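Take a look at the structure below.
The values are calculated or read from the model by the stated rules, or taken from the named source; none is laboratory data. Since the structure is predicted, the reported quantities are computational estimates derived from the model, not experimental observations. All Cβ positions, glycine included, derive from the backbone under ideal geometry; neighbour counts span all protein chains shown.
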Amino acid sequence: MKNKSKLIFFISLALFFQNIDSEEINLKKYLTNINTMEADFEQRNYSTSNILIDKSIGRIKIKKPDNLIWDIERPFAKKIILQEDTLRVYDSQLNQLLISSIPMEIENSFLILLLRDTSILNFYSIDKIEKNGDEQLFSLTGNNRKNMFEKIKLYIIEGKLSKFIFVNDNNESIELELMNVLINKNIADKNFIFNVPNDTEIIDQQ
């Protein structure tokens, strides 16, 4: 009887991991098939004790493999623009534009993870999948100590990315909710060109 129970356990375990592998392939395929994405976002940053630190609202546009604009509207205007190897950060409060090469520390930040095809699954492994109607939740765990985050939760609702939760090793978290998501809509390159306001201080560190 014990041997039969062990056999059932190991068969169940094998089927579980087989299902994980299958879902990982499906998720890779899903992410790879996103060539452009445009969405409104609300980003909430939480402390280690899950206290809301700050919140920002804006719009994001992505055109793989090299174009991303993170347009923060509130609490104040700020733009983060990634183009190939160049990072531009415009801060309306400082009236300043910082231009630099993409620093190593953001190579696996959530901005880059959104832009690069399946890089999320190069840095993270699926350890749990939950389905509830049209909603799918993928819980990912980091497989590299150099990862910026220890865990990621990725929600897909009705075939569209809807929310990410990023948790670092200090248990601080970023919750990114996407709304009015448009996938694979044609986005012209001019959408990623930033016209610098007059009198802006430009700091070029390239």
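Summary of computed values
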read-out	value
Filter result for residue 115 (under 15 Å from the mean Cα position of the chain (by Cα), closer than 30 Å to residue 200 by Cβ and at pLDDT below 75)	yes
Flag for residue 187 being touching a residue at least 40 places away in the same chain (Cβ under 8 Å) and either of a type in the set (S, T, N, Q) or over 18 Å from residue 68 (Cβ atoms) (or both)	no
Residue that is modelled with the lowest pLDDT [pool: residues in region 157-206 that are touching a helix residue (DSSP H, G or I) at 6+ places or on another chain (Cβ under 9 Å) and surrounded by 17 or more Cβ atoms within 10 Å (Cβ to Cβ)]	161
Pair list, Cβ < 9 Å and 6+ apart or interchain, from region 20-45 residues that are of a type in the set (A, V, I, L, M, F, W, C) to residues that are at pLDDT below 80 and in a helix (DSSP H, G or I)	27/120; 27/121; 31/120; 31/121; 37/114
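To keep it simple, each residue is scored yes or no on (1) of a type in the set (Phe, Trp, Tyr); (2) modelled with pLDDT under 90; (3) surrounded by 15 or more Cβ atoms within 10 Å (Cβ to Cβ); (4) touching a Leu at 6+ places or on another chain (Cβ under 8 Å).
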position	(1), (2), (3), (4)
29	no, yes, no, no
35	no, yes, yes, no
38	no, no, yes, yes
49	no, yes, no, no
53	no, no, no, no
63	no, yes, yes, no
68	no, yes, yes, yes
